[in-house]
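Let me begin by presenting the structure, written as structure tokens, before commenting on it.
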Amino acid sequence: MDTLVMQTRHVREMCFQTEAALMAELVQGQHPSLLYIGCSDSRILPSHILDAHPGTVFTTRNIANIVPPYTAAQQGETAVAAVLEYAVLHLKVADIVLCGHSCCGGMQALAHVEALEPGLRQWLRYAQDAQLHIPPEVEGAARLDALIEANVLLQLEHLRSYPFIAEAERAGAVRLHGWVYDLASERVRAYEAEAGCFVEEAPFGV
Ligand SMILES: [Zn+2]
């Protein structure tokens, strides 16, 4: 814990030395332009992927970058719903990035979800339908990669099940993006709806 405290102090001192003006502005309030929804995996640093500065990215992370569908939120699964409401209706972010990643343990666990502890089992049921899109003959690493992409698309569907998000997208007030971050190459592949596949692109800075 002492190390963590020292790290935090170091970061704080660095911030105030290099970004004093920015931090002075940020204490007045936040105006992020982007909501990032990603996996809790310790190997992922959203600010690194997005090349982001303080105040630019509103963030929520959980196991397997899941957005429970609107029907689940209505039944009490509101942790992500609250973030969506605040980001879209109050902060009025212009972009929502739903980012999966290679080597995702949550996606690997889908294959043996019945053996998991109740919390994990309950949570991962919001990703289970991703398996429906993968033919049984796709196996091993290829199956995991396909599952990671299918889950990003499934969670985008879940995002659009929230009426205020669907409405904001229709009105052009918010854009939804489906990404997969590759740990080995540190590159992002983004879903292109017209092409119907993920294509590599340079992450945009925010
Ligand atoms: Zn993960």
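Please treat every number below as a calculation from the coordinates, not as lab data. Source: prediction; values computed, not measured. FYI the Cβ positions are ideal-geometry reconstructions off the backbone, even for glycines, and counts take in every protein chain you see.
Sticking with the crude label model, points 7 Å out along Cα→Cβ, report the distance from residue 22 to residue 112 in nm, one decimal please.
4.3 nm
So what is the calculated 222 nm ellipticity per residue for the chain, using -39500 (n - 2.57) for each DSSP H run with n of 4 or more, over all residues, to the nearest 500 deg cm²/dmol?
-11500 deg cm²/dmol
If I stretch the segment between residue 33 and residue 138 completely, what's the gain in nm (0.36 nm per residue apart, minus their alpha carbon distance), one decimal? Don't skip to the end; give the middle numbers.
Numbers: separation 105, 0.36 × 105 = 37.80 nm, distance 3.81 nm.
Extra length available between residue 33 and residue 138 comes to 34.0 nm.
Treat every Asp and Glu Cβ in the chain as -1 and every Lys and Arg Cβ as +1, leave all other atoms uncharged, and give the resulting dipole magnitude about the Cα centre to the nearest 20 debye.
Numbers: 13 positive and 25 negative charges, 87 e Å.
It comes to approximately 420 debye.
Relative contact order for segment 31-201 using alpha-carbon pairs under 8 Å, separation at least 6, rounded to a whole percent?
The value is 25 percent.
Rounded to whole Å and sorted largest first, what semi-axes of the equivalent ellipsoid does the C-alpha gyration tensor of the chain yield via the square root of 5 times each eigenvalue?
Sorted largest first and rounded, they come to 29, 21, 18 Å.
Need the C-alpha centroid separation for segment 142-206 versus segment 49-66, integer Å.
14 Å
Relative to the first principal axis of the alpha-carbon coordinates of the chain, what is the inclination of helix 140-160, with its axis defined by its Cα atoms, in degrees from 0 to 90 and to the nearest 10?
Rounded to the nearest ten degrees, it is 70.
Evaluate segment 118-206: find the radius of gyration of its Cα atoms, find its Kirkwood radius, and give the ratio Rg to Rh.
Over the Cα atoms of segment 118-206, Rg/Rh equals 1.00.
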